[in-house]
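The values are calculated or read from the model by the stated rules, or taken from the named source; none is laboratory data. On a predicted model such as this, the values are computed, not experimentally measured, just so you know. As a convention, Cβ positions derive from the backbone with ideal geometry for all residues, glycine included, and neighbour counts pool all protein chains shown. Calculation scope for accessible area: heavy atoms of the full protein, side chains included, ligands and nucleic acids excluded. Shrake-Rupley method; radii C 1.70, N 1.55, O 1.52, S 1.80 Å.
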Amino acid sequence: MNRKLIAPVPPMGWNSWNTFYEHVNEKLIRTTADAIVDQGLLDAGYEYLIIDDCWSMKQRDEHGRLVPDPDKFPGGIKSTIDYVHSKGLKFGIYSCCGVRTCADYPGSFEHEFSDAEQFADWGVDYLKYDNCDRPNSLSSIPLYRRMAMALRHSGRDILLAACQWGTEHVEQWIRSTGAHTYRTTVDIQDCWKSITSIANAQMEHAPYSASDCFSDMDMLVVGMYGKGMNPETSAIIGGCTDTEYQTHFALWAMLNSPLIIGCDVRSLSDRAREILTNKELIAINQDPECRSCYRLPVYVNPDAFILVKVLNDGDYAIGFFNFSDTAVRIPLHFWDMGLSLSAAAGMEFHDCISHEDLGLHKEVFAATVEVHGCKVYRCHPVKN
Ligand code: GLA
């Protein structure tokens with residue numbers, strides 16, 4: 001019997017790390033599960049609730065098993081997972097291919113098969129698998145193969161989210177391990193510079209990302225406004241403007257990244273909710289063909305560019321992005337997408353952020369894009 005794909009399109013969900021850092025507990029997970037449903041995020045597609053590092057005791061028990069911290073999870077982890085499932089969500093947990101996790105809790109090195117079994121028994125649906133504290137002499141390649149194999153033999157469908165930070169040319173070998181997503185960059189921070197540097201680094205690797213094994217540009221910082229408890233992503237760094245969060249979300253959507261929310265969804269601003277639940281941008285990210293986009297340069301400004309993504313129904317998603325500090329008028333000549341003057345009457349444009357129809361345009365379309373802003377259109381070629 002064929003197994004169904006675990007990640008046919010980029011996974012969507014929420015992760016505790018950026019905002020809550022080590023302060024994870026049962027109450028946070030339960031109230032976040034409630035908020036994901038009540039805020040309409042599950043309906044928008046955010047189905048995984050993922051607890052990051054720091055959920056366990058600092059040592060394994062005498063049988064070598066991971067022990068959930070009883071102060072953080074007085075009712076145990078299984079009942080928390082059952083609650084998450086009862087809300088219609090899937091549950092994700094965190095471990096590491098090294099001896100210790102990045103925050104110094106027990107990692108799964110040499111415990112891969114028993115940990116995978118324990119996760120399956122608890123009803124885990126997703127494992128974020130980090131890359132800290134492995135023996136210097138060992139490449140991460142066999143360790144990701146090992147956990148992928150352990151999960152595949154656990155008897156449960158568990159998505160493997162490799163958190164490998166883009167080292168060892170991860171994009172070239174990770175699909176062959178059986179992992180479903182793989183981090184390609186350092187940790188995101190709640191600031192504009194971090195967003196643009198991840199996006200710029202990602203573009204050359206985009207062609208490697210495809211169905212059932214997606215490049216993960218890290219969690220979304222949309223809606224954090226500098227309020228995270230993680231010292232690396234916190235107020236010291238400052239947060240972003242709503243325009244910058246909108247551009248960040250549009251980039252992650254166009255580049256087929258998993259969409260994993262990192263803000264406190266229990267106190268979501270209206271604007272952040274609007275950005276995160278934009279159905280038209282989510283549809284571009286979740287397009288069944290999962291084609292990577294291509295980039296067209298903008299000659300008047302090297303920090304502005306156009307991304308084009310071929311969609312399953314014959315439409316094209318076209319994003320105009322401005323990373324520079326001045327507004328830019330960005331022209332798109334249709335022949336740069338292959339649409340010759342003789343072949344078509346033009347393209348109908350629909351704005352995926354303002355949700356307006358902009359009618360038929362011929363040969364060229366120019367968008368004026370504000371500082372750090374973007375425009376994303378769904379375009380439909382019209383025959384002569
Ligand atoms: C690494 C990962 C982060 C987070 C922390 C947890 O830095 O890249 O996303 O999981 O570890 O310690």
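Between the residues Trp165, His153, Leu138, the greatest Cα displacement towards the positive end of the dipole of the range 134-215, with unit charges on the Cβ of Lys, Arg, Asp and Glu, is found for His153.
Dipole magnitude for the range 1-89: computed about the Cα centre from +1 point charges on Lys and Arg Cβ and -1 point charges on Asp and Glu Cβ, it is near 320 debye. Summarised as an ellipsoid, the range 206-281 has semi-axes of 22, 15, 11 Å, derived from the eigenvalues of the Cα gyration tensor scaled by 5 and square-rooted, with the largest first. How big is the gap, in Å, between the Cα center of the range 336-384 and the Cα center of the range 233-310? Rounded to whole Å, the Cα centres lie 19 Å apart.
Taking the Cα centre of the chain as origin and assigning +1 to Lys and Arg Cβ atoms and -1 to Asp and Glu Cβ atoms, the resulting dipole is close to 540 debye. A cut-off of 5 Å between modelled amide H atoms, ignoring neighbours fewer than 5 places along the same chain, links Val67 with Met57, Asp61.
Considering only the other residues whose Cβ falls under 14 Å of the Cβ of Leu138, what net charge follows from Lys and Arg at +1 and Asp and Glu at -1?
Numbers: positive: Arg134, Arg145, Arg146; negative: Glu110, Glu112, Asp133, Glu168.
Residues close to Leu138 contribute a combined charge of -1.
So with the 1.4 Å probe, I'd like the accessible area per residue for the range 220-306, rounded to whole Å².
Each residue of the range 220-306 exposes 38 Å² on average to a 1.4 Å probe.
Given in Å, the Rg to one decimal and the Dmax to the nearest whole number for the Cα atoms of the range 336-378 are 11.8, 35.
Summarising the amide proton neighbourhood of Asp130: residues at separation of 5 or more, or on other chains, whose placed amide H is nearer than 5 Å comprise Ser95, Cys96, Cys97, Cys163. Counting only DSSP H runs of at least 4 residues, each contributing -39500 (n - 2.57), and dividing by the residue count of the chain, the helix-based mean residue ellipticity at 222 nm comes to -7500 deg cm²/dmol. The Cα center of the range 140-155 and the Cα center of the range 170-201 differ in position by 20 Å. Between Ile330 and Ala367, Thr368, Val369, the built amide H atoms are under 5 Å apart, and every one of these is 5 or more places off in sequence or on another chain. Taking 0.36 nm per residue of separation and subtracting the current Cα-Cα distance, fully stretching the chain between Asn312 and Ala35 would add 96.5 nm. Averaging the Cα positions of each part gives two centres, and for the range 1-49 and the range 95-122 these lie 20 Å apart. Past 23 Å, Cα to Cα, is the threshold; run Lys27/Lys193; Lys4/Lys72; Lys87/Lys309; Lys227/Lys375; Lys362/Lys383; Lys90/Lys279 against it and keep the listed order. In this structure, Lys27/Lys193; Lys4/Lys72; Lys87/Lys309; Lys227/Lys375 lie more than 23 Å apart at Cα.
Percent of Cα pairs in the chain per distance bin of 10 Å, from zero to the largest separation: 5, 24, 33, 23, 11, 4, 1, 0.
To put it simply, the accessible area of the chain at a 1.4 Å probe is 51 percent carbon and sulfur.
Stokes-Einstein D for the range 1-111 at 20 °C, 1.002 mPa s, Kirkwood Rh over Cα pairs, in µm²/s? Intermediate results must be reported in sequence, preceding the final value.
Details: Rh = 15.0 Å.
The diffusion coefficient I find is 142 µm²/s.
If you run the Gaussian network model on the chain, springs between alpha carbon atoms under 10 Å, then out of Ser292, Ser340, Ser140 the most flexible one is Ser340.
The smallest convex shape that holds all Cα atoms of the range 228-375, its convex hull, gives 124 Å³ per residue.
Which FRET efficiency, nearest 0.05, do Asp336 and Asp212 yield, Cβ-Cβ r, R0 35 Å?
Working: r = 31 Å, r/R0 = 0.89.
Computed FRET efficiency for Asp336 and Asp212 comes out at 0.65.
Rounded to the nearest 0.05, the FRET efficiency derived from the C-beta distance between Arg152 and His85 at R0 = 25 Å is 0.70.
The residues packed around Gly107, meaning those with a beta-carbon under 15 Å from its beta-carbon, carry a net charge of -1 if Lys and Arg are +1 and Asp and Glu are -1.
Based on protein heavy atoms only, the range 32-172 ends up with 40 Å² per residue of surface accessible to a 1.4 Å probe.
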